[in-house]
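K.L.:
There's a structure below that I have some questions on.
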Amino acid sequence: MSLSFSKRKYRAEAEQQIAAAGCRTRSDSVRVVEALITASPEFFEGKKRAEVNEYFSYALEFIKAHQNESTIISAVVHMDEKTPHMHLCFIPITEDGRLSAKDIVGNKKKLTWWQDEFWKHMVKKYPDLERGESASKTGRDHIPPRVFKEMAHLNKQREKLETLIGGINPLNKKSRIGDIAKVLDKFIPAAEKMRGDIKRYQSAFKELEAENTELSKKNKALSDKSKESLLRKLEIAQLERDYAAATELIGRIPPEVLMEYKREPPAVRKVEERL
């Protein structure tokens with residue numbers, strides 16, 4: 001069953017709607033939000049295809065009630081896997097016409113609200129549907145692969161900068177400074193974004209660690225929680241090391257190169273101050 005709302009490719013449809021709405025954008029603006037809607041395998045046991053489709057149609061009604069229907073560009077149900085589920089994509093345009101995924105799903109409070117309200121909607125028709133524990137309470141929300149991919153890209157930019165900086169000589173200095181400035185134009189915003197991601201996950205880890213410490217006082221058999229806490233700690237430590245390596249070279253960039261980087265000088269100053 002497919003409930004697609006657009007024949008255009010997602011990115012093309014998103015750009016068209018964003019332009020039509022007159023939204024301001026940045027290079028790192030989120031154009032499309034993807035959500036996964038499902039239930040436990042036990043919930044779907046014994047249900048016919050039509051009943052499963054009805055479940056997802058009812059779930060879609062909730063999304064339409066809280067997100068402009070025209071921004072929903074795809075809602076496709078997959079029945080060929082162990083547990084039926086629906087992949088839903090929408091363009092995060094707010095009611096007042098801004099492109100802001102952050103305002104719609106950008107923090108734990110918002111995500112918890114979506115989870116709670118979705119369950120309230122669904123339980124009206126499916127009273128046997130249980131409310132799962134939110135990721136913010138269980139601590140199971142690990143750092144997504146996206147963050148590590150972004151870090152890998154940041155490291156590639158660092159390597160490119162290292163090569164450009166190391167190869168400066170009197171004959172190529174002018175052109176090389178221009179090349180470095182172009183790389184910085186992408187490197188600086190990416191580094192700032194990564195710093196924000198790391199800070200956010202550090203905060204989440206501290207909350208999880210505090211919760212585990214409190215629980216351990218009541219129950220010593222917390223091996224799963226302990227392993228999870230260690231995994232999160234290792235993930236964050238790896239990101240911190242990679243981030244430090246990627247941004248350490250900022251202090252080694254020749255002053256004349258930084259002077260050339262005039263399009264966003266506040267960003268350069270901000271990174272220098274923080275590093």
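The values are calculated or read from the model by the stated rules, or taken from the named source; none is laboratory data. Because the structure is a prediction, the values reported are computed rather than measured. FYI the Cβ positions are ideal-geometry reconstructions off the backbone, even for glycines, and counts take in every protein chain you see. Heads up: the accessible areas ignore ligands, DNA and RNA and are worked out on the full protein's heavy atoms, side chains in. Shrake-Rupley method; radii C 1.70, N 1.55, O 1.52, S 1.80 Å.
K.L.:
Select, from Leu161, Leu208, the only residue that is part of a helix (DSSP H, G or I), at pLDDT below 80 and not polar (S, T, N, Q).
P.N.:
Exactly one of Leu161, Leu208 is part of a helix (DSSP H, G or I), at pLDDT below 80 and not polar (S, T, N, Q), namely Leu208.
K.L.:
I'm told Tyr243 meets every condition in (1) at pLDDT 70 or above; (2) of a type outside the set (Lys, Arg); (3) open to solvent by 60 Å² or more (accessible area, probe 1.4 Å) except one. Can you identify the failing condition by its number?
P.N.:
(3)
K.L.:
Can you tell me how many residues in region 164-186 are among the hydrophobic types (A, V, I, L, M, F, W, C) and free of Cβ contacts under 8 Å to residues at least 40 places away in the same chain? Please lay out each step first, then the result.
P.N.:
Restricting attention to region 164-186, the residues satisfying the condition of being among the hydrophobic types (A, V, I, L, M, F, W, C) are 164-165, 168, 171, 177, 180-181, 183-184.
Going one step further and asking which of them are free of Cβ contacts under 8 Å to residues at least 40 places away in the same chain, we end up with 164, 171, 183.
Going through region 164-186 one residue at a time, the tally reaches 3.
K.L.:
Exactly one of these conditions fails for Asn169: (1) open to solvent by 30 Å² or more (accessible area, probe 1.4 Å); (2) part of a helix (DSSP H, G or I). Give me its number.
P.N.:
Tallying (1) open to solvent by 30 Å² or more (accessible area, probe 1.4 Å); (2) part of a helix (DSSP H, G or I), Asn169 fails exactly one: (2).
K.L.:
Still on this model: Could you go through region 88-99 and let me know if any residue there is closer than 30 Å to Thr247 by Cα and modelled with pLDDT of 90 or more.
P.N.:
So far as region 88-99 goes, yes, one or more of its residues are closer than 30 Å to Thr247 by Cα and modelled with pLDDT of 90 or more.
K.L.:
So is Ser134 farther than 30 Å from Ile253 by Cβ, at pLDDT below 75 and of a type in the set (Ser, Thr, Tyr) or not?
P.N.:
Yes, satisfied.
K.L.:
What are the residues in region 67-76 that are open to solvent by less than 80 Å² (accessible area, probe 1.4 Å) and not in a strand (DSSP E or B), if any?
P.N.:
Gln67, Ser70, Thr71
K.L.:
Something else now. Based on this model, can you work out whether Ala21 counts as at negative phi and in contact (Cβ under 8 Å) with a residue 60 or more places away in the chain?
P.N.:
Yes; evaluated as a whole, the condition is true for this residue.
Yes or no, residue by residue, for (1) in contact with a strand residue (DSSP E or B) (Cβ under 7 Å, 6 or more places away or on another chain); (2) at pLDDT below 90; (3) open to solvent by 80 Å² or more (accessible area, probe 1.4 Å):
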| residue | (1), (2), (3) |
| --- | --- |
| Lys7 | no, yes, yes |
| Gly22 | no, no, no |
| Ser29 | yes, yes, no |
| Pro41 | no, yes, no |
| Gly46 | no, yes, yes |
| Ala50 | no, no, no |
| Asn53 | yes, no, no |
| Ser57 | no, no, no |
| Ala65 | no, no, no |
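K.L.:
Quick one: which residue in Leu111, Leu88 is under 25 Å from Asp197 (Cβ atoms), part of a strand (DSSP E or B) and free of Cβ contacts under 8 Å to residues at least 60 places away in the same chain?
P.N.:
Leu88
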